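Rule-based calculations on the coordinates, nothing more; no lab input. Just so it is clear, the model here is predicted, and its values are computed rather than measured. Note: ideal-geometry Cβ built from the backbone for every residue, glycine included; neighbour counts use all protein chains shown.
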Amino acid sequence: MKIIKAEHAGFCFGVERAVGIVENASTIYENVVTLGPIIHNPQLVNKLKEKGVLPVESTGDVEKKHTVIIRSHGITKDNYNFLKEKDVNIIDATCPFVIKAHKSAMNLSKEGYTVVVFGEKEHPEVKGIVSYVEGEYYLISSKEEAEQLPFKEKYGVVAQTTQNGEYFKNVVDVIKEKCNELKVVNTICNATTYRQEAAKAVAKQVDMMIIVGGKNSGNTRRLYEICKEICKNSIHIETKDELDEKMFENIEKVGITAGASTPDYLINDVINYLEEVGNARKCKKQ
Ligand code: SF4
């Protein structure tokens, strides 16, 4: 059985950095908490709990004794200021690409632009970006919503980092017709696009596609949907324990990819399992 692992499977730069920051903090400080789970992966969150790092739901749950870590999505300006006022030890693991989006939103509003933020309205990252706008703004999540924008003298546009670049261009084309002056800051990070394109390329070549990652991870679920469209025999698992030898009886080529919040050790566990299944099959044939 041939195993093909997609490029860009697993942690993106921002998530790897944030997890590293948490692991390091757990060796230096006591009472380390993360504001929300550091990533959408229950296995890794549980491992961190064993090291004494607990997720808390909101800034209200943070106590003076805590060292609080801000996850890669970032938080709102109000929440950040609230923590500062509490005088707790803050470690900011916000991804630098998300910080760029915060700064861009703030600068556009300071330069007199009406800001348009393009992204998922309820996503914590988007709430964070919006909170840095200092004047009028619109939050839109589709081309159709861009068409509803009123005419303004100056629009300044930023996007949630994980949005699709091609679709964003279409949205910008619509906004161009709604103002006399337009400034666009490209705040999209390519990690998601690269991962999805690499997964598609593998899904085209295999009889079965395995997508590894938290069931609560939006980007992993999206990867699964994309692969399923190409390879009907696609499955989404969290760990190798969800696999069974029988699933591979008629499989010659199996592909594997993983969401941005899936640690390498979980991906490697699956690959090792597949190798064992392949070796066992070879032995039976001999
Ligand atoms: S997807 Fe991009 S912006 Fe988001 S955490 Fe990863 S590297 Fe940073």
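Please work out the C-alpha center-to-center distance from segment 258-279 to segment 219-243 and express it in whole Å.
13
Taking +1 at the Cβ of each Lys and Arg and -1 at the Cβ of each Asp and Glu, which of Gly214, Met247, Tyr265 sits farthest along the dipole of segment 209-284 towards its positive end, judged by Cα position relative to the Cα centre?
Met247
I need the shape label for segment 246-286. Rule: rounded when a/c is under 1.5, else prolate if a/b > b/c, else oblate, with a, b, c from the alpha carbon gyration tensor.
It is prolate, given that a/c is not under 1.5 and a/b is the larger ratio.
Using unit Cβ charges (K, R positive; D, E negative) and no other charged atoms, how large, in debye to the nearest 20, is the dipole of the chain about its Cα centre?
The calculated dipole for the chain is roughly 520 debye.
Which shape class applies to segment 97-184: rounded if a/c is under 1.5, otherwise prolate when a/b exceeds b/c and oblate if not, where a ≥ b ≥ c are the square roots of the Cα gyration tensor eigenvalues?
oblate
In sequence order, what are the phi-derived ³J(HN,Hα) couplings for segment 157-167 according to the Karplus relation 6.51 cos²θ - 1.76 cosθ + 1.60 with θ = phi - 60°, rounded to whole Hz, with x for glycine and proline?
Using θ = phi - 60°, the values come out as 10, 9, 10, 4, 4, 9, 6, 6, x, 5, 5 Hz.
Less than 16 Å apart at the alpha-carbon level, and either on another chain or at least 8 residues along: which lysines does that give for Lys253?
Lys253 reaches Lys2, Lys5, Lys200, Lys204, Lys228, Lys232, Lys282.
Report relative contact order for the chain in percent, whole number only (criteria: Cα-Cα under 8 Å, sequence separation at least 6).
For the chain, the relative contact order is 21 percent.
Just to check I understand the Karplus step: with θ = phi - 60° and J = 6.51 cos²θ - 1.76 cosθ + 1.60, what whole-Hz values come out for segment 84-98, glycine and proline as x?
Per-residue couplings from phi come out as 4, 5, 5, 6, 8, 6, 9, 10, 9, 9, 4, 4, x, 5, 6 Hz.
Please find, in a Gaussian network model of the chain (springs between Cα atoms separated by less than 10 Å), the residue of Ala258, Ala199, Ala191 whose mean-square fluctuation is greatest.
Answer for the Gaussian network model of the chain: Ala191.
Within the chain, what's the longest stretch lacking GluC sites (Glu not before Pro) that sit in DSSP loops with no more than 12 other Cβ atoms inside 10 Å?
The longest uninterrupted stretch comes out as 178-248.
Classify the chain as rounded, prolate or oblate, taking a ≥ b ≥ c as the square roots of the eigenvalues of its Cα gyration tensor: rounded when a/c is under 1.5, otherwise prolate if a/b is larger than b/c and oblate if not.
oblate
Only Cα pairs under 8 Å and at least 6 apart count here; give the relative contact order of segment 64-115 as a rounded whole percent.
For segment 64-115, the relative contact order is 39 percent.
Could you work out the relative contact order of segment 97-184, using alpha carbon pairs under 8 angstrom and six or more residues apart, expressed as a whole percent?
32
Using Cα positions and a limit of under 20 Å, work out the lysines in reach of Lys103, with same-chain residues fewer than 8 apart set aside.
Filter leaves Lys77, Lys84, Lys121, Lys127, Lys154, Lys183.
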